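Structure first, commentary second.
Every number here is computed from the coordinates shown, using simple stated rules; none is lab data. Quantities reported herein were computed from a predicted structural model and do not represent experimental measurements. Here the Cβ is made from the backbone with ideal geometry for all residues, glycine too, and neighbour counts use every protein chain on show.
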Amino acid sequence: MTYMRKRFRISFKSILIFILILSVLFTGFEMYKYIGKNPTKQVVSAISPKSNEEIKQLEQNTIDNKYFQDPLGEELSKTLKKYGIDMGFISTANILRLNQKIPISIKDADKIDKTALPRYETLDSIKPIPTTIVQKNMLIWDEYNIKVPLNYASFQDLFQANDDGTVNFDKSIDNNPTNSPVQQLLIQGIVHLPYSPLPGEQGNSYVIGHSSNYSSVKSDYNYALAPLIEKTKNGQIFKIYDYVGRELNFKVFDSVAVKEAEIGEAYKNFGDRRIVTLQGSILEDVNGKKLPTKRWLVRAELVQ
């Protein structure tokens, strides 16, 4: 009898130990499942610490990404419209970012009713400034083996400048001679014209390039856009790396030949769409000479 009681006590103790072991194993398994499925745990493990400089840049991007009002830009856009150029909103913030001078002045600008002006969505809001820069100011079109620097003309390159840096829109500079400001920029690559929005901004960004040039002009870019002339097709894609290093992809939706005098067709306003127009020249025989008689326009829209 004593032996049976002792054996029973040993068995009961073994059962308790066995239950305790099972309990510990079950609890551990449930904790493992929780940690594996816990999204907070996964997010924390995926985020790496950022430097103070990176954090500061992200904070600045957040500020820049807001819709904004630009009284000077609004006045400049209205002024250009009076002179028959309406390609979209011209941001004076971008002019300053390019270290250029604003071409107009407004007296008592601080008294302008900003609440009455439209608000514009900048490229920053959909394509923030990158923290790692691959390259800047470049057009790349792999299909035609084009890799050409993008330069930015200023209003002072196109119009007579006043002493204060503003311009007289009634007095344009003749940019046909080879030593003119725009022609000098074309020696260095292709050129964005300042009376149009920058590439990727709302409106029609106008970029010109040589498809031919005088033999006396020495440049690696005399035929920069020649491969495009009368060859581009809808659906093709090219890249522009802008002035802050953003990679912007543009998809071609239209290619057209227009006469030099057809300014309205070249300077078309596409509203809030983000368009880039590339312009080269079409050469034709005139009295035995090859002369640029038409423009070849390639229009492409930002792929978001």
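Magnitude of the Cβ-charge dipole of region 103-198, K/R +1 and D/E -1, about the Cα centre, nearest 20 debye? The partial results should precede the final answer.
Details: 8 positive and 12 negative charges, 42 e Å.
Charge dipole of region 103-198: 200 debye, to the nearest 20.
Taking K and R as +1 and D and E as -1, what net charge do the other residues with C-beta under 13 Å from the C-beta of I102 add up to? Before the final figure, lay out the partial values.
Values: positive: R97, K101; negative: D70, E74, E75, D164.
Net of charged neighbours comes to -2.
Fully extended, how many nm does the chain gain between I112 and E143 (0.36 nm per residue separation, minus their Cα-Cα distance)?
Working: separation 31, 0.36 × 31 = 11.16 nm, distance 4.84 nm.
Roughly 6.3 nm would be gained on extension.
How much length, in nm to one decimal, is gained on full extension between T293 and E260, taken as 0.36 nm per residue of separation minus their Cα-Cα distance? Walk me through the intermediate numbers first.
On the way: separation 33, 0.36 × 33 = 11.88 nm, distance 0.66 nm.
Value of the extension gain: 11.2 nm.
For a quick check: with amide H placed at 1.01 Å from N, whose amide H comes under 5 Å from I85's, ignoring anything fewer than 5 positions away on the same chain?
Counting only residues 5 or more places away or on other chains, the set is empty.
Can you give me the Cα centroid spacing of region 175-206 and region 125-157 in angstrom?
13
Can you give the charge dipole size of region 190-293 about its Cα centre, rounded to the nearest 20 debye, using +1 on the beta carbon of Lys and Arg and -1 on the beta carbon of Asp and Glu?
Working: 12 positive and 12 negative charges, 41 e Å.
For this selection, approximately 200 debye.
Taking neighbour counts of Cβ atoms within 10 Å as a proxy for exposure, in what order, fewest first, do Y83, Y144, Y195 appear?
Values: Y83 12, Y144 15, Y195 22.
Result, fewest neighbours first: Y83, Y144, Y195.
Set Lys and Arg Cβ to +1 and Asp and Glu Cβ to -1, take the dipole of region 52-302 about its Cα centre, and tell me which of P130, N269, A93 lies farthest positive.
The one lying farthest along the dipole's positive direction is N269.
Using the Karplus curve 6.51 cos²θ - 1.76 cosθ + 1.60 with θ = phi - 60°, what ³J(HN,Hα) values do you get for each residue of region 107-120, in whole Hz, with x for Gly and Pro?
6, 6, 4, 6, 8, 5, 6, 5, 5, 8, 9, x, 10, 10
Report, in listed order, any pair from K259/K290; K233/K259; K101/K239; K82/K231; K78/K147; K231/K294 with a Cα-Cα distance greater than 26 Å.
Values: K259/K290 16 Å; K233/K259 20 Å; K101/K239 28 Å; K82/K231 35 Å; K78/K147 35 Å; K231/K294 15 Å.
Where the Cα-Cα span goes over 26 Å, the pairs concerned are K101/K239; K82/K231; K78/K147.
Can you compute the FRET efficiency between S215 and S105 using 1/(1 + (r/R0)^6), with r the Cβ-Cβ distance and R0 = 51 Å? Round to the nearest 0.05. Before the final figure, lay out each step's value.
Values: r = 43 Å, r/R0 = 0.84.
The pair S215/S105 has a calculated efficiency of 0.75.
In region 260-294, which residues have a backbone nitrogen under 17 Å from the label point lying 7 Å from Q304's Cα in the Cα-to-Cβ direction?
It comes to 270-276, nothing else.
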